[in-house]
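In what follows, a structure is listed as structure tokens, so that the remarks can point back to it.
The values are calculated or read from the model by the stated rules, or taken from the named source; none is laboratory data. Note that this is a predicted model, so its numbers are computed, not measured. Using ideal geometry, Cβ is built from the backbone for each residue, glycine included, and neighbour counts are taken over all protein chains shown. Ligands, DNA and RNA are stripped out before the accessible areas are found, and what is left, the full protein with its side chains, is counted by its heavy atoms. Shrake-Rupley method; radii C 1.70, N 1.55, O 1.52, S 1.80 Å.
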Protein chains: 2
Amino acid sequence: MTLKRVLTAAVLIPAVVAMVWWAHTSVVTVASTMVALLALLEFFAIGEHAGLRGYRVWTGFCAIAIFFMQWLTSVEQSQALARGFFGVRSPEAFAASSIELILLVFVIGATGIVLFGRQHVEEALGGLSVSSGALIFLVLPLSTVVRLHGVGIIGRKLLLFTLVLVWAGDTAAYFVGRAVGRYRMAPKLSPKKTWEGAAANLIGSIIVALVAQRWITEVPLEHLIGMAALANIAGQAGDLLESAYKRSANMKDSGTLLPGHGGMLDRIDALVLAAPVVWYYFIWLTDRTH
Amino acid sequence: MTLKRVLTAAVLIPAVVAMVWWAHTSVVTVASTMVALLALLEFFAIGEHAGLRGYRVWTGFCAIAIFFMQWLTSVEQSQALARGFFGVRSPEAFAASSIELILLVFVIGATGIVLFGRQHVEEALGGLSVSSGALIFLVLPLSTVVRLHGVGIIGRKLLLFTLVLVWAGDTAAYFVGRAVGRYRMAPKLSPKKTWEGAAANLIGSIIVALVAQRWITEVPLEHLIGMAALANIAGQAGDLLESAYKRSANMKDSGTLLPGHGGMLDRIDALVLAAPVVWYYFIWLTDRTH
């Protein structure tokens, strides 16, 4: 943890926290879309190193559409809840198939690129596969950030909670791992990670849940702890998964965008899997208690 | 068009037509899921030839979940329409995120395979990419067949319409292409296809629309023609796309399942893109006229 890294974090963390708490969901949508696009470019750079040439522009365009649709859905959802019922021609019925519709448009467009583009046809299968992978493994999970932010105060609280539990867990893992870490967790993927660090990561996130319980009063403590634990495990898995991407391409960092932090993808790899876990846990909890 | 091919068609076509027309949507769901799984295996075999080793079992499991969810959604949709309104805790709200939820579960499971499976970690990016490609380019589009069948008589009519316009177009393309075909359309992908054949394919499908108008009275003629034309073009693109998969792996047929017809994927490649076009055209038409 170099000075550079600490300084970058000291600037970025307050900015992100302030935005999540005060900014309108439309602003968060634009910001998270830009983060997703940067991460997407890095994902495609990794893919290209591994011999899979994705469709950058078209996939990026569909990524924007997915984030925009998540924002639209969250607006429509809050309006429908405000009205107290959904009409027969409810926007929900539209939203129900909208992400699927974007995926279909993506397929049609990618087919056009394969048939009329200048890429070699021998690269078609790899190209459409890695582009699909980018949408499913990166864009779609990350886009739940928008849905989470869109459900009012509780959503903003839970999004901050997700960010903090990832950050605190990572920091705990770093210090505990360095101090007492002996048993290597995944020597091939990420040689510095130890089981002691992973346990500290999990415990750190549970401590965040314990501290946050006075603030996030809408969620019972046992579920706040459950959320933190599941999101943390998913986040650690996301971190390792990103290492596996890079190992598939013989690379170390996904990019050099943030001083001392590697690339954007390196920064958000845990959030990509933690955010959807918190979102679906929240949906399940809401369905259960209403 | 060998005798084998004609005989296979003579057995299969009446069976498929009878099932679409008379069978319950649950039966169609099971049958189309099995077709999807066979096609999926062939897709993965092609991927493996191209050096991309997909997660067969896990992707197949998620494919079953997607078809099952499409069936559930169609049941819920017809119940909601029957009630005349959706409740606040409508099943629609659940369905809205259900395919996305399956995709997330797919991501989590695939991450588990990468981290704990026996595959080489260097193959991770290719493996999860081709598995994602299989879901987005094959399973998801084909699963709209279930939604189409689930909306009552009109859905069954439109599904039969889709099948017949693909079959009739293919047959017209074959005979016209052989008789007068001169200008090659995609010499690299599919050397026997000509522009004359492609035009005959399109015209054949429009003739199907003209003939079907007396039977599918629910859809105005101009939209029936529009549906046939768009579905036919999408179907021809799907056919070429499948050739591109095989070219990526230096293969000729996707399999040898059906005598004289190559593999299952060869048989359904046009339907995979034609069915979702008809489905979303129908949704758009319904939204517009209600």
Checking rank on B:140-152, B:46-58, with mean other Cβ inside 10 Å and highest first, the result is B:140-152, B:46-58
Non-local residues with an amide H under 5 Å from the amide H of B:THR194, with H modelled 1.01 Å from N and Pro and chain starts lacking one, are B:MET185
Note: A:112-122 gets an average of partner chain Cβ contacts (10 Å, Cβ to Cβ) equal to 4
The correct pair for chain B, radius of gyration to one decimal and Dmax as a whole number, both in Å and from Cα atoms, is 19.7, 60
Here the net charge surrounding A:HIS120, from other residues whose Cβ is less than 15 Å away from its Cβ (Lys, Arg +1; Asp, Glu -1), is +2
A chain fully extended from B:ILE154 to B:PHE175 at 0.36 nm per residue, minus the present Cα-Cα distance, gains in nm 4.4 nm
Length-normalised contact order of chain A, Cα under 8 Å, at least 6 apart, in percent, tallies to 23 percent
For peptide A:135-148, the mean count of other chain Cβ atoms within 10 Å per residue Cβ is 3
In the neighbourhood of A:SER131 defined by beta carbon distances under 11 Å, the net charge of the other residues (Lys, Arg +1; Asp, Glu -1) is +2
Expected integer from the mean partner chain Cβ neighbour count at 10 Å over B:245-252 is 4
Chains B and A: accessible area buried, summed over both chains, 1.4 Å probe, nearest 100 Å², reads 5300 Å²
Expected vector for the stretch A:72-77, Karplus 3J(HN,Hα) from phi with 6.51, -1.76, 1.60 and θ = phi - 60°, integer Hz, x for Gly and Pro, equals 3, 4, 5, 5, 5, 5
Inter-copy distances for B:GLY117, nm, shortest first, label points 7 Å along Cα→Cβ, are 2.4
For the protein assembly as shown, dividing by residue count, accessible area per residue (probe 1.4 Å) in Å² works out to 44 Å²
Quick shape check on the stretch B:127-265: root eigenvalues a ≥ b ≥ c of the Cα gyration tensor, a/c under 1.5 is rounded, otherwise prolate if a/b tops b/c, else oblate, and it reads oblate
Neighbours of A:TRP215 by Cβ distance under 12 Å: Lys/Arg at +1, Asp/Glu at -1, summed charge +2
The percentage of Cα-Cα pairs in the protein assembly as shown separated by more than 48 Å is 14 percent
Ranked output for segments A:191-200, A:174-183, B:67-76, A:267-276 by mean other Cβ atoms within 10 Å, highest leading, reads A:267-276, B:67-76, A:191-200, A:174-183
Rounded to one decimal in nm, the spacing of the 7 Å Cα→Cβ label points at A:SER78 and A:LEU3 is 4.3 nm
By the Cα gyration tensor axes a ≥ b ≥ c (a/c under 1.5 gives rounded; else a/b larger than b/c gives prolate, otherwise oblate), the shape of the stretch A:1-76 is oblate
Ordering A:8-20, B:209-221 by per-residue average of other C-beta atoms within 10 angstrom, highest first, gives B:209-221, A:8-20
From DSSP H assignment alone, runs of 4+ in chain B each adding -39500 (n - 2.57), the sum over residues rounded to the nearest 500 puts [θ] at 222 nm at -25500 deg cm²/dmol
By the C-alpha gyration tensor axes a ≥ b ≥ c (rounded if a/c is under 1.5, else prolate when a/b exceeds b/c, else oblate), the shape of the stretch A:119-183 is oblate
Flagged as over-length at 28 Å C-alpha distance, from A:LYS252/B:LYS188; B:LYS4/B:LYS252; A:LYS4/A:LYS246; A:LYS157/A:LYS193; B:LYS4/B:LYS246, the pairs are A:LYS252/B:LYS188; A:LYS157/A:LYS193
